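Q: Dumping the structure here so I can ask a few things about it.
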Amino acid sequence: MSEAPLAGGTIIGEDGLARPTWASTDTLLRDYYDTEWGMPVRDEQGLFERISLEGFQAGLSWSTILRKRPAFREAFLDFDPDRVAALTEDDVERLMLNEGIIRNRAKIRATIRNAQATITLREEGGLVDFVWSFQPESTPSPKTLSEIPTMSQESVALSKALRKKGFSFVGPTTMFALMEAVGIIDTHLVDSHRRGTSGVWA
């Protein structure tokens, strides 16, 4: 691939589009960046999936999670909260034998508990409204990757609030990554072809 770096921290690909370095070489990451990352997720099942996958990603590369996402979706019943919430300890043991996913017992159990917490949240308006209520009044405008924060006042608050509701593996850094991924904030570099495409931020 012919690429030309820009001073702003993006790279011009052979298609003439500017992307950050992390999305410029790996085809899977590039497609994810171009079509999904940063776009609003406003349905319960979709948001529960993103929270679950962000939790599994902690300590690993996102490309690893993306490659395993089809297996994750099969293992966790398309991340239907009602079906995941009903999984038992026998299911945990079964999932621990599934080589297609990240076999971390604590994270598997957390996904089940988080599904149960998601169901409980329906009594208070639901997961989507709850998470999106932490949208800040402004979003970062990074010119380089080094200018992108790893957490924020809002991600700290969201983390604490979700923990109080029974969620786990929802630390401030993980929640900041979630907010980036689902469009609550826009951390696309200012000269990226994706900047401002979510419709959430002008």
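Q: Over all directions, average the projected area of the Cα convex hull of the chain and note it in nm².
A: That works out to 11.3 nm², a quarter of the Cα hull's surface.
Q: OK, next. Using the charge dipole of segment 128-170 (Lys, Arg: +1 at Cβ; Asp, Glu: -1 at Cβ; taken about the Cα centre), state which of 148, 131, 162 has its Cα farthest towards the positive end.
A: 162
Q: Can you return the aspartates and glutamates within cross-link range of residue 160? Criterion is Cα-Cα under 12 Å, with same-chain partners fewer than 8 residues away left out.
A: Leaving aside aspartates and glutamates fewer than 8 places away in the same chain, none come within reach of residue 160.
Q: In whole angstrom, note down how far apart the Cα centers of segment 148-166 and segment 59-85 are.
A: Rounded to whole Å, the Cα centres lie 22 Å apart.
Q: Another question, then. Relative to the compact globular guide of 2.2 N^0.38 Å, what is the alpha carbon radius of gyration of segment 64-145, as a ratio?
A: 1.36
Q: Here's a follow-up. Applying the Karplus parametrisation 6.51 cos²θ - 1.76 cosθ + 1.60 with θ = phi - 60° to the phi angles of segment 145-159, what ³J(HN,Hα) value in whole Hz is obtained for each residue in order, glycine and proline being reported as x?
A: Each residue of segment 145-159 in turn: 4, 5, 8, 7, x, 9, 7, 8, 4, 6, 5, 5, 5, 5, 4 Hz.
Q: Around residue 65, with a cut-off of 14 angstrom between Cβ atoms, what is the net charge of the other residues, counting Lys and Arg +1 and Asp and Glu -1?
A: +3
Q: Now, a different point. Pairing the Cα long axis of helix 62-75 with the longest principal axis of the chain, what angle in degrees results, from 0 to 90 and rounded to the nearest 10?
A: 30 degrees
Q: What ranking do 102, 65, 185 get, fewest neighbouring Cβ atoms within 10 angstrom at the top? Mind dumping the intermediate values first?
A: On the way: 102 20, 65 16, 185 26.
If I rank by nearby Cβ atoms, fewest first, I get 65, 102, 185.
Q: Once the other residues with Cβ under 14 Å from the Cβ of residue 119 are scored (Lys, Arg +1; Asp, Glu -1), what is the net sum?
A: Net of charged neighbours comes to -1.
Q: Each residue of segment 77-87 in turn: what ³J(HN,Hα) in whole Hz from Karplus with 6.51, -1.76, 1.60 and θ = phi - 60°, glycine and Pro shown as x?
A: 6, 6, 6, 6, x, 5, 6, 5, 4, 8, 5
Q: OK, next. Tabulate in residue order the Karplus-calculated ³J(HN,Hα) for segment 185-192, using 6.51 cos²θ - 1.76 cosθ + 1.60 with θ = phi - 60°, rounded to whole Hz; enter x for Gly and Pro.
A: Per-residue couplings from phi come out as 10, 10, 10, 4, 4, 4, 9, 6 Hz.
Q: What aspartates and glutamates could a cross-link reach from residue 165, if we take a straight Cα to Cα line under 13 Å and drop same-chain neighbours fewer than 8 places away?
A: Counting by Cα, and skipping residues close in sequence, residue 165 has these aspartates and glutamates nearby: 123, 124.
Q: Taking Cα pairs under 8 Å and at least six residues apart, what relative contact order does segment 44-181 come out at, in percent?
A: On the way: 133 pairs, mean separation 37.7, N = 138.
Across segment 44-181, relative contact order equals 27 percent.
Q: Starting from the amide H of residue 41, placed 1.01 Å from N in the peptide plane, find each other amide H under 5 Å away whose residue is 5 or more places distant or on another chain.
A: Amide H neighbours of residue 41, under 5 Å, 5+ apart: none.
Values quoted throughout were computed directly from the atomic coordinates according to the rules given, and no laboratory measurement underlies them. Predicted model only: the values in this text are computed from it and were never measured. Cβ: placed from backbone, ideal geometry, glycine included. Neighbour counts: every protein chain shown.
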